Amino acid sequence: MKNSTATGTTATADRQQGAAASYRGRFAPSPTGLLHQGSLVAALASWLEARVHGGTWIIRMEDLDTPRCVPGAAEAILATLAGLGLVSDEPVIYQSARRDAYAAALHALEASGYSYRCNCSRSDAPGVYAGHCRDLGLQTSPAARRLRLPAGNICFDDGIQGRCCFDSASIGDPVIYRRDNLAAYQLAVVVDDAAQGITHVVRGADLLDSTAWQVCIAGALLLPVPRYTHVPLITEADGAKLAKSRHSLAINDDLSAALYGALMLLQQSPPISLKAAAVSDILTWATGNWSPESLAGTRAVSLRS
């Protein structure tokens, strides 16, 4: 197995880009339903970070899991974002058109010994995967493929959450290719971020452990690691994650109120007069007053009922 930044006792994002490169951020929704307030918070925060740094902001549609995609959802999400003034600076790309790139990445991981086949079902291996198939040398198909994580801590510095470390044994080897021969999210997102030259990733804190996996996947593929910033996860009043599967409220026609609400959830304290202002005026105020420092260390914020 070749050496990379993902090997050794502590795997870190030492090859993070940052100020040395032009800022390139992205928002990557999944078209499994309409845009809801939790997704808007992540979209707005990533857009604001890009604008404040004079960078480029890109939308990528994560439609790779076709069985879960809702017809027309991608178009509806893009239309809502456009109404909110959040428009991609470059053409939107769709993961469903990039399967060859993911297959090439899998081949590279197999060739370097980082990937192995796994026949465990969720019922066989509930909870954290304990590496049952890791050293069996399975050759049967169909089978999922997992990434062989290094032993010890996987660490990265987060723009809001600070220094984050995960023991590889506590998160387990991630699936990078599914049994149905679809690239898994963890692999696809790393390949796409590198292909688009993404330098900064702003997203919800529910993906913190995914970041540890993605740092290792990037290291194994010898790809640059973006700078990560995880804004608080927006939850229902009962503490559950906002999710399309829970029929969380989609953004309605009152786009100004939605933007204002997103700024409140991001703890930016916008003046009440902005609640009924034009979208462009709200974005102008938000750009001039963006202060992610107010979120430092906050993992979750509850949506007011």
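The values are calculated or read from the model by the stated rules, or taken from the named source; none is laboratory data. From a predicted model like this one, the values you see are computed outputs, not experimental measurements. Every residue, glycine as well, gets a Cβ built from its backbone with ideal geometry; the counts of neighbours run over all protein chains shown. Quick note on the areas: whole protein, heavy atoms, side chains included, nothing else; ligands and nucleic acids left out. Shrake-Rupley method; radii C 1.70, N 1.55, O 1.52, S 1.80 Å.
Starting from the range 20-36, take each residue that is under 13 Å from A50 (Cβ atoms) and in a loop (DSSP other than H, G, I, E, B) and list its partners that are modelled with pLDDT of 95 or more and open to solvent by 40 Å² or more (accessible area, probe 1.4 Å), counting only C-beta distances under 7 angstrom and pairs at least six apart or across chains.
Going by the 7 Å Cβ cut-off, the qualifying pairs are Y23/H53; Y23/G54.
Restrict the check to the range 166-183 and report whether at least one residue is touching a residue at least 24 places away in the same chain (Cβ under 8 Å), open to solvent by 10 Å² or more (accessible area, probe 1.4 Å) and of a type in the set (K, R).
For the range 166-183, residues touching a residue at least 24 places away in the same chain (Cβ under 8 Å), open to solvent by 10 Å² or more (accessible area, probe 1.4 Å) and of a type in the set (K, R): present.
As an exercise: evaluate D157 against (1) closer than 23 Å to L207 by Cα; (2) of a type outside the set (S, T, N, Q); (3) surrounded by fewer than 13 Cβ atoms within 10 Å (Cβ to Cβ) and give the number of the one condition it does not meet.
(3)
Give just the number: which of (1) crowded, with 21+ Cβ neighbours inside 10 Å; (2) of a type outside the set (K, R); (3) under 23 Å from R299 (Cα atoms) does D193 not satisfy?
(3)
Those residues that are surrounded by fewer than 18 Cβ atoms within 10 Å (Cβ to Cβ), part of a helix (DSSP H, G or I), hydroxyl-bearing (S, T, Y) and without any contact (Cβ under 8 Å) to a residue 24 or more places away in the chain, I need them from the range 251-305; list them, please.
Listed by number, the residues that qualify are S273, T284.
Mind listing whichever residues of the range 40-57 are outside any helix (DSSP H, G or I) and surrounded by fewer than 22 Cβ atoms within 10 Å (Cβ to Cβ)?
Correct list: H53, G54, G55, T56.
Can you give me the number of residues within the range 196-211 that are of a type in the set (G, A, S), surrounded by fewer than 19 Cβ atoms within 10 Å (Cβ to Cβ) and touching a His at 6+ places or on another chain (Cβ under 9 Å)?
Final tally of qualifying residues: 0.
Of these, R145, R227, which one is in contact with a helix residue (DSSP H, G or I) (Cβ under 9 Å, 6 or more places away or on another chain), under 28 Å from T66 (Cα atoms), charged (D, E, K, R) and crowded, with 21+ Cβ neighbours inside 10 Å?
The conditions single out R145.
Out of the range 97-141, which residues are of a type in the set (S, T, N, Q) and surrounded by 14 or more Cβ atoms within 10 Å (Cβ to Cβ)?
Selection gives S112, S115, N119.
Looking at T80, is it touching a strand residue (DSSP E or B) at 6+ places or on another chain (Cβ under 6 Å), β-branched (V, I, T) and crowded, with 17+ Cβ neighbours inside 10 Å?
Here the answer is no, as T80 does not meet what is asked.
Determine which member of the set L81, L149, L106 is among the aliphatic types (A, V, I, L, M), closer than 27 Å to I198 by Cα, modelled with pLDDT of 95 or more and assigned to a loop (DSSP other than H, G, I, E, B). Write out each step before concluding.
On the way: L81 fails: assigned to a loop (DSSP other than H, G, I, E, B); L106 fails: assigned to a loop (DSSP other than H, G, I, E, B).
That would be L149, the only listed residue that is among the aliphatic types (A, V, I, L, M), closer than 27 Å to I198 by Cα, modelled with pLDDT of 95 or more and assigned to a loop (DSSP other than H, G, I, E, B).
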